[in-house]
Each structure stands twice: as structure tokens, then as C-alpha cells.
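Scroll down for the structure; my scribbles are underneath it.
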Amino acid sequence: METIALSENLKETIRIDAKNMYYRQLNDMVREAIASGAKDVIIDSVNGQRYIGAGIERKDVTIIINGTPGNDLAAFMDGPTIIVNGNAQDGAGNTMNDGKIVIHGDAGDVLGYGMRGGKLFVKGNVGYRVGIHMKGYKNQIPVIIAGGTAGDFLGEYMAGGILILLGLNNNTHSIVGDYLGTGMHGGVMYIRDEVNPYRCGVEVGIAELDDGDKNTLERYLKEFCDDFSLDFNEIIKERFVKLYPKSSRPYGRLYAY
Amino acid sequence: MRSQELLWRTKDPEILRQLGKDISGCGLSGIINIRGQRISGEAIRCSIACQHDRGNGLGGGFAAYGIYPRYRDYYALHIMYDSHDAKNSTEDYLDHHLSVELGERIPTRPVPNINKPPLLWRYFVKGRKEEEGDFEIADDEYMVKIVMGINATIPGAFVFSSGKNMGVFKGVGFPEELAEFFMIDEYQGYLWLAHNRFPTNTPGWWGGAHPFNLLDWSIIHNGEISSYGINKRYLEMFGYKLTLMTDTEVVAYLLDLLVRRHKLNLNVASTVLSPPFWKDIEKSDDKEKEAFTALRMVYGSAMLNGPFAFIFGFTRGMVGMNDRIKLRPFVVATKGDNFYMASEEAAIREICPEPDKVWSPRAGHSVIVELDRSVTV
Amino acid sequence: MKTFIPPDFRVYIEHERCRRCKRCLMNCSFDAYTFQDRVTPDDSKCVGCNRCAVFCPEHAITISNTPIGYREHPLWSMKARKDIWKQSETGGVLLTGMGNDQPFRIYWDHIVIDACQVTNPSIDPLREPMELRTYLGKKPDAVSVKMDRDGKLELATELLPQIEINTPIIFAAMSYGAVSLNVQKSIAMAAKEFGTLWNTGEGGLHEDLYHYGSNTIVQVASGRFGVSSEYLKIAVASEIKIGQGAKPGIGGHLPGEKVNLDVSKTRMIPQGTDALSPAPQHDIYSIEDLRQLIYAIKEANGYKPVGVKIAAVHNVAAISSGIARAGADWIYIDGFRGGTGASPTIIRDHIGIPIELALAAVDERLRQEGIRNSVSIIAAGGIRNSGDVAKAIALGADTVAIGTAALVALGCSLCQKCYTGNCAWGITTQRPELVRRIDPEVGAERIYNLLRGWSLELKEILGALGLNSIESLRGSRERLRGIGLNEVELRILGIKHAGE
């Protein structure tokens, strides 16, 4: 571990080489670095180490990961910013409460499961069951934005928050998979593509964006474009559709009393 | 514990019936060079070691293709024994039914955590003695009978590999320890599979580790096949004897049935195992709809249901797939002539840091990689 | 002759509540009520169908079993004594309706279903795909599939016709004559709406029901009532009825008084004549004769599927193997709890075996012989809920058939007096004023709702099992366990005991 004094305000950066390091050791080092006052932790040669950033409760900390972090990246995280220069595996942002994850690559399945707050930005494609059961609570609005395409079950059981899918550089016929928003009963999705109702859960409504939607979309999208140096105007000029839950209680006629 | 120890000794079908089904979680890794260039086992060892936490030290193994070029025309039988008696009975059986070119101990190194290995032997054999009758039966069919015969009748003996110019090495331990034990780094193969196992109810039996093999089919598998009960009964109808109580055995035999016996190509066989949903079939054109519908109607009992990803290897290729709603992870990458498949991207990057392409195949879609047609192995 | 038989039921009227609307008089089709200043019941006529109690706006009627003051005897039960009195007074064969009501073991209630925990995920049927679609018919062991230049699949094997159903529940055969036309209309409508099958029974197909043809199985039984070339062609499949669970091995007859104009037209027999169903089909004295009839029907119906229905009897497994080899597209096995409009009590209660054991034995036998693919199995005779359905499928059935459950949905309270033709619920009657009690639209809705509820529950069960398609449950006995069963029972059912 080496410690470098970076700038005038004495913000400290700690750099860790994770080559062949077991995750327990690595995560201990990260926690130790943060406890010692580091604001930026840079981890190099990451490959498959799980749980990086898991359970960390500090807002003023940035963890930069160079490589491919393992599963459950930032699980239960409550505040920090994580930047991944590479792809993320499955389960990133699992039950995350606050903070921000910026992934300069693709992300795997079950991204942002039960996420209650914070932001999860992925430049590339995302896997299956992304944003599954993400929920808003009190003032918290979780936001997931993926620049590429998504697998099946996007926004499954979605109960709150905002999911935005852009389909940039996409050459497949649809940027969403099947079973889109099945069980959706809260929150909203903005999809930068036409959405065939055939692909949606029965609980999902498709609509045009109103002015409120446009404001929300633009606000988050600008931040996303800043993070990845993308051209906001190019992206926003395409048509978006809004997916919303038709009912907060979709299963009224299911049970016999 | 009880069940697997029993399994090792008993060949009594009634006791086998009583045994619980094996349940386990896992990590997978596979590599193939489509030009048939041989790669050291060291690469696959690193890749599977990276997925250490997907297993629990109770099972690991490797399948390697192209490792016995000198004996490429012989079936290589890898057999484990729990006693010299078992070995003697088996060798008598082999001598009686086959011509054995060479029988030798499988070379191993001492490794601290690998305890009480069984006797591990390999035999290079020809399909059958010339003077024996029954010429109707093809060599492969005959070998299947031999393997099933040993596994079903000789207590304490278990054939765990029976293909040509390939071999399975597996046991109880973490895969990296087993790699050391079996000296995997000293083999050169054009196709490698590795497995890291997390059994939940059946520790302690070497035969229970993956890969599972029959002839040149080797399977590594992550997940549980919830349709095991009917898959097993379906296979029994075609004469397969399922003795190992594992999901993976079912997959191996289904492939044997669909590809070797029913002559379905790999693509169609994968469709049978992980078929499209009716709602998607409804949307295909008439001809495809008819074909998919027929496959589902006829092969409904062969469909694999539940969470799974598996990779299977065979002489000319490697196939990876997962279940219809993607309940287990599966990643594929390419770099030049090499194709990689694994449970986690990190397992691929461990041995191929800058792949040309990395992707997660869609649920239920198989990825089939075959050797270039010009390659002979 | 003075009867010694005490009334089965006691009818109690709360006169303070009764407002003398006489609805009970109108509803009772057994004339158990008279009215002089106030409602007076005649207990001896009450069959316990509870029509009056349900329709009493003041809930003033309570029907209870007559308290029996006779000395108890374990061998000479009240039923035994009453039956003897009845026969000593009439000299007749005791008749009854519905299925076997004796306290034989109900195997369904000794079988439990598995669920996923940890090692495989359960699947949420509301959010994730869950498939119940089932095909009935003879399937080959293997098919050949070609791939065209674009990589698209093309079937190279010609399959025999298959019937698609949207849920593994079809309706049992109940003939026009035994039940009213409005019952058949209700069932046919529900079958069409849900995408499943109903079965004409052996009484022909009324012309009002012709347009349900694609959801109709027409039955060919020993009486050949209403069987014509048109009848065979109009339906999606035919079924040869050899026997039925409530009365294996015997025939029956529909009394002439029930053969009204409409029934006569449908059955194609003169009005007012008895409709006799011989015990055997006189062109089937052996298995090769069955094959001959199957193919005769196929010639006539354009090679649509032809099934064979048998009662579950001791040798059911071997018989089923023969039926499969005779070319049947399905074997319908009716257990001894299967219902009937009329059966001698002694037959209903003492002949045949439970469907659970019969089904398990048949499926296993067909697998041992490697011919399970060549025939579908329909299990029936006492399916009460979706749990029974799931267990039947796991034991090996392709689908179940329900008769009694559908009638209960229409109001049947199992009073077992179907054979009188006086059904107060308008089900097993041809009396026009009673038939009108079922509005086919409402009846269809009730039955559709039942199918819907059971199908949703089946999806819940599949989800708990971690399966998303019904074919992965079919025959998967590994997912069942027995409770309180002995080793022989477990062996026959092919399941382990709970805890194993």
C-alpha cells in the first residue's frame, strides 16, 4: 500500500495492488484506508474479488477499481462513490442504500437488487433482472441508467425509483429483453426505443413522457453524460417511452376470500 | 455422508433408489482452441482457482482433450477403486471383455489437503476382442455397456472417464489442489473443462465430483436440475442406468440419447434441453413453430428445468448454455482462436486479460464452439 | 308395507325467522315440504341436497343428520341395517349416484409435494413465465429436425395429430340424459373459453353443441347412442368407453321416462324407450378387437386421436399396456371414486381400485416397456383440488379429468340421488322446470372460474418446485413424498416416505 498526498486540501489517495489478492484481505485494506482518512482509494489489477465497497457508510469516499470486480460489488453500500474501469459481474449494488456506482463497461445480472437509494450508472450493457425490486423510500429515489441494452426481466417487481435504458451503439432489434417490468407496481422506466407490449409484463403501461418526466430524465441523463463524456444532445433527441405501473396493487382478482 | 459412502460400495438398485439426489452449487470454466493447438493445464487451473469461493473444497475436477495422442485410437478408461479387490475384479472384467493395451497408475503428486485418495488407474483399451461375436454393436455402444456394467455391478469400482484421447481427473478437494495432485500442469490439451464444486449434502466421494463423462462427452454443471425426477425416469425408459444420483449424470445421458442415438444435431439437442417458451414459439414462422412444437411435445420429459449453467466438451468441440430464465451465471469470451466459457468474467480474464469479445449469452441459448474443420485430433 | 327405515335427515325450520315465502316448497324437487299456515317438512323425503336451505332468504332452514338412537355395532353399521331394510321392502338392487363414498384410504391426502429452498430458487409465477400447456396424443420416441440455409429448424418427421390444452385439466364424460343439456352447455362453454376439452359421454351430441366441436371429445360406448359419422368428424377426438370407475364391468340403462324428445333425437333412439348400455362393447371381446375399433373410428374421423377409457381395476397396468399397443392415443383411467349418474351401490362401493395406485402402476409399466411416449394418460376419479391435480401429474398423468368437481361448481351437494332424475340443482334431471335452474352462461362462468383458480394454483405449485413448465413435473415422482404409507404402498406409488 502506498500513500500519496495529492492536492492542497490534503485529500489523500491510497493505492492498492490487488493482483492475486484474496477478497478478504483486499476489503480489509480498503476499510482500513478509509478509516485512516483516505478520500480516494484506487485498486489496481482487480479480478474477481467480491464485495468491494460492501457495507461502507461514508459519503465522502471514492473507490476507483481498475479491472473486473467480483460479485456483489457495493452490496448494502451507504454513501461512497465507486468507479469501475472495466466490467462488473453479477449482483452489483445489491440492496444499496446510498452512494453512486459508475461502471465504464458492462454489468452482469441482478444489478441493483432491492436498491433503495443512490445511483448506478453503467456505460455498456446490463444483464438479466436489472433493477429487480428497486424501491423508493421517503426522500430516496434510486436511479439506474444503462447506456446499452438489457436482458430479460428488466425492472421486475419494480416498486420505486427510476430506470433508464439508452441502447446506445445498439445493433440488435430491441434494446430490452422479454418480461419487461413484470410485477412492476411502482417507479418509472424511460426506454430510448419503441417498446412492444408483447415484451412487457401485464402490469406495465406504456406512455409518452410528460413535461415532468422530461425534466427528470434530462436531469439524470446530463449527469450520466458528464460521467461518461457522452453527447447529451445526441442522446436526448431520440424518442423515449415511459413505462409505468398500471396499478400499485396488480393482483386484485388473484385470490378468493 | 451416508449416501455417498454407500454409493461407493453398493450396487444394489434398491439402496440406490433410497439415496437422496446430489445437490450442489459450483463454478465452471472451459477453454478450447479451435485450431486444435494444445494448451497446458496450467491455464485452466488458474481460471478455476479464481472462482475458489464458488466451491467449498469438497469437489473439483478437470476434463482434458488431446492429452493421449499416442493412444488416440484407444478408449482411455480412468477408473477409481476403493480396494485391491475391486481393482482385481475390474481388471478381470476388462480382460474378459476388451483388449487392454496398457494399464497404469494415474500419476499424482502428494498434496497436503488431498486425503485418502482412492486407487486411480487408467487403461487404454480397444473396443472389444476380435474373436468375440456380437459384431452388430458399434464400438461406442459396446463401451457404454462396459462402463455401465462396471459401474452397476462391481463394488468399489467406478469408471469416471471413457473417451478416446481425453481424460477426466477429479476428486475431493479444491480444484487447484486437485490440479496439483493430478499434475494437470503437465498435460497438454486443446480443450479443457474445470469445475469447482459446492456440494450441500454429499461430501466425501471422489466419483461425485465433476466433470461427468461418458465416451467423449464430459459435462460440468452449476445449479440444480429441478426436473431431475422426470429426466431420470425418461432416460431409464431408454435403458440408461442412473446410479450416481446427480443432475449432471442426467445431462450426460440426455446428450448421449439426443445426439448419438437420436441423431439430433447439437443445436437441436440444446433446444430440447432448454426450449423456447410457448409464447415465443407462437411468434415464429409456421415451419419453425411446427418444429419447436414437435420438439417440446416429444421431448418434454428431456427438458431441463430449474437453475443451471453447464459446459459440455466432446472430441470436436465445446457447448455452453444455461436455463431458460437465466438463473445461473454464464460468460463467454474469445481471443484469437481461443474460446473461453466460465461462471464469472474474472475467471476468463485471469488467463486472458484482454479478450477480443466478452458477453453473456441469452437465457436458454447455447453457444457451440467446434474445432475448425481442417483440424484432426 | 310399513317401512322400517328411519329418515336420513332431519329438517328444522326456525318459524320465528320464516316469513312464509314458500321458496323452500318451490325449490324442493323431492316434495319434502307442504304448506298449511306454515311450512311443514317431511323428513323421510329429504335427500339432504340443501337446495332449500341455500335458497331460504331468512336462513331459517337447518338440515342435519337424524340423531340415531340405535345401538352401535361396528359390523352392523346403520348403513348396513338400512340397506337390508330397503331391500327387504323392495327386493331390488340398491342404486346410488356419484362416486364411492366408503372410507377407503384417500392416497392424495397421504402424499405431499416438494418445494425449493436455497439450492435452487423457487420461481415467482406471477412475474416469470409459467407454462401449463399440454398436448394429448401419441408421440414418437424421436423426431428428425432439419436446419435450412438460414439456420431455421424444419420438422422432418410427420407427427400424429395432437390436441392442445391450456391447462392439464379436462372434463370427464357426462352424457346428455344423465345430466341436463344446460349442464353440458355450461361445461362446453367453459372448455372453449379456457382452451380445454369436454366430453359428450355416451349420450350423443346435441346439435346446440356442434359449434364446440374443436373442444369436444365424443364418446363411443356400448350403446352407440348418437354415434354417426358426423358425430365422429365434428369432434376433435373420439373416446372408446370400456368402463367407468363407479361401475366397472357393468352396463346401465337410462329409463324411458327420461328419454324425452330432445334426448331421443340426440341419442338417435325412439322417444320413451329405455336406452340400454350393454356391459361390454359387443365388438370388443379382446385386445385385437379394440385395435380394430380404434382404427375403424380413425377411418371415420379422419385419423384424429382416439382414446380409450377404462375403469381402474386390479390388472390396470397390463391392460393399459395392451391399449397403448392397440393404437390408442390416450388411456383414460377412472379410479373407483369416479362419479356416476346411477350405479348399483354394491358395484360402486366394492369394485375397482384407487386412481392414485392405478395411475402410478400404469405410468411405471408403460415406462418399463419403453412405450410411455406412445400414449397419453388421463387420470380421473376423485380429483378435488389443484393439489390432487399436481400430485396426479407428478405420478405420471398428462392431464386429469374432472366430473364431480365441475358439478359441485354448478351447485351439486353430493346428495347421491342423481339416479332419481329429480336433482333439485338442475344437474342430473330432464324435468324442464329443474333444468332451467342452471343458466348456461352463469354455469359456464362458475366452471371457468374453477379452472382459473386451479390453474393459478398449479402455477404457484410449479413455482414453489422451481419449475416453469408442467412437463417437468409430469412423472417426476422425486418431488413427492408419502406420509403414513407402508412400504408396499410407497413402492407402488414409486415415492419415498417424507423424511427420506
The stretch A:209-257, residues that are outside any loop (DSSP other than H, G, I, E, B) and within 14 Å of another protein chain (Cβ to nearest Cβ): A:245
Residues of the stretch C:443-500 being in contact (Cβ under 8 Å) with a residue 24 or more places away in the chain, buried (at least 22 other Cβ atoms within 10 Å of the Cβ) and of a type in the set (Ser, Thr, Tyr), in sequence order, are C:469, C:476
Search the stretch A:209-220 for residues that are aromatic (Phe, Trp, Tyr) and pair each with any residue that is at pLDDT 95 or above when their beta-carbon atoms are under 8 Å apart and the residues are at least 6 apart or on different chains. A:220/A:119; A:220/A:143; A:220/A:145; A:220/A:162; A:220/A:164
Restricted to the stretch B:227-248 and to residues being in a helix (DSSP H, G or I) and surrounded by fewer than 23 Cβ atoms within 10 Å (Cβ to Cβ), the residue farthest from the other protein chains (Cβ to nearest Cβ) is B:235
Would you check which residues across the stretch A:132-152 are out of contact with any Pro (no Cβ under 8 Å at 6 or more places or on another chain) and closer than 14 Å to residue A:187 by Cβ and list them? A:132, A:133, A:137, A:140, A:141, A:142, A:143, A:144, A:145
Count, please, the residues in the stretch A:150-161 that happen to be more than 14 Å from chain C (Cβ to nearest Cβ) and surrounded by fewer than 24 Cβ atoms within 10 Å (Cβ to Cβ). 1
If I go through the stretch A:61-86 residue by residue, how many of them are more than 12 Å from chain B (Cβ to nearest Cβ), farther than 17 Å from residue A:137 by Cα and assigned to a loop (DSSP other than H, G, I, E, B)? 3
If residue C:284 passes every condition in (1) surrounded by fewer than 24 Cβ atoms within 10 Å (Cβ to Cβ); (2) outside any loop (DSSP other than H, G, I, E, B) but one, which one does it miss? (2)
Within the stretch B:297-317, track down each residue that is more than 9 Å from chain C (Cβ to nearest Cβ) and among the hydroxyl-bearing types (Ser, Thr, Tyr). B:315
Options C:411, C:484, C:475, C:426: the member that is touching a helix residue (DSSP H, G or I) at 6+ places or on another chain (Cβ under 7 Å), assigned by TED's automatic domain parsing to the domain that holds residue C:386 and under 29 Å from residue C:46 (Cβ atoms): C:426
Testing residue B:294 on (1) more than 10 Å from chain C (Cβ to nearest Cβ); (2) without any contact (Cβ under 8 Å) to a residue 24 or more places away in the chain; (3) buried (at least 23 other Cβ atoms within 10 Å of the Cβ), one condition comes back false. Which one is that? (1)
Can you name the residue in the stretch C:385-410 that is small (Gly, Ala, Ser) and not in a helix (DSSP H, G or I) and is also farthest from residue C:331 (Cα to Cα) among such residues? C:403
With respect to residue C:145, is the statement that it is hydrophobic (A, V, I, L, M, F, W, C) and in contact with a Cys (Cβ under 9 Å, 6 or more places away or on another chain) true? no
Could you grab me the full set of residues in the stretch A:87-121 that are over 22 Å from residue A:186 (Cβ atoms), among the β-branched types (Val, Ile, Thr) and within 14 Å of chain B (Cβ to nearest Cβ)? A:103
Counting only strands (runs of 3 or more DSSP E) wholly inside the stretch A:1-48, the ones holding at least 3 residues that are within 14 Å of another protein chain (Cβ to nearest Cβ) and either at pLDDT below 95 or closer than 17 Å to residue B:350 by Cα (or both) are A:40-47
Kindly indicate whether residue A:190 is within 13 Å of another protein chain (Cβ to nearest Cβ), touching a Phe, Trp or Tyr at 6+ places or on another chain (Cβ under 7 Å) and buried (at least 21 other Cβ atoms within 10 Å of the Cβ). no
Verdict on residue C:164 being surrounded by fewer than 18 Cβ atoms within 10 Å (Cβ to Cβ), in contact with a Ser or Thr (Cβ under 9 Å, 6 or more places away or on another chain), of a type outside the set (Lys, Arg) and within 11 Å of another protein chain (Cβ to nearest Cβ): yes
Can you tell me which residue in the stretch C:1-31 is nearest to residue C:427 (Cα to Cα), limited to those that are among the polar types (S, T, N, Q) and in a loop (DSSP other than H, G, I, E, B)? C:29
If we scan the stretch C:209-224, do we find a residue that is aromatic (Phe, Trp, Tyr), outside any loop (DSSP other than H, G, I, E, B) and surrounded by fewer than 19 Cβ atoms within 10 Å (Cβ to Cβ)? yes
Residues to consider are C:188, C:173; find the one that is closer than 25 Å to residue C:356 by Cα, buried (at least 24 other Cβ atoms within 10 Å of the Cβ) and among the small types (Gly, Ala, Ser). C:173
When you look at residue C:370, is it within 11 Å of chain B (Cβ to nearest Cβ) and either assigned to a helix (DSSP H, G or I) or closer than 18 Å to residue C:138 by Cβ (or both), yes or no? yes
If I ask for residues that are within 14 Å of chain A (Cβ to nearest Cβ) and either without any contact (Cβ under 8 Å) to a residue 40 or more places away in the chain or not polar (S, T, N, Q) (or both), which ones from the stretch B:47-78 would you list? B:48, B:49, B:50, B:52, B:53, B:54, B:55
Sort out which residues of the stretch B:231-255 are under 16 Å from residue C:476 (Cα atoms) and basic (Lys, Arg), and write them in order of number. B:232, B:233
Starting from the stretch C:68-82, keep only residues that are on the phi < 0 side of the Ramachandran plot and at pLDDT below 95, then list their pairs with residues that are surrounded by 10 or more Cβ atoms within 10 Å (Cβ to Cβ) and part of a helix (DSSP H, G or I) whose Cβ atoms are within a distance under 8 Å, requiring at least 6 positions of separation or different chains. C:68/C:78; C:70/C:78; C:70/C:81
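The values are calculated or read from the model by the stated rules, or taken from the named source; none is laboratory data. The model shown is predicted, which means the values in this text are computed figures rather than measured ones. Reconstructed Cβ throughout: ideal geometry from the backbone, glycine too, with neighbour counts over all protein chains shown.
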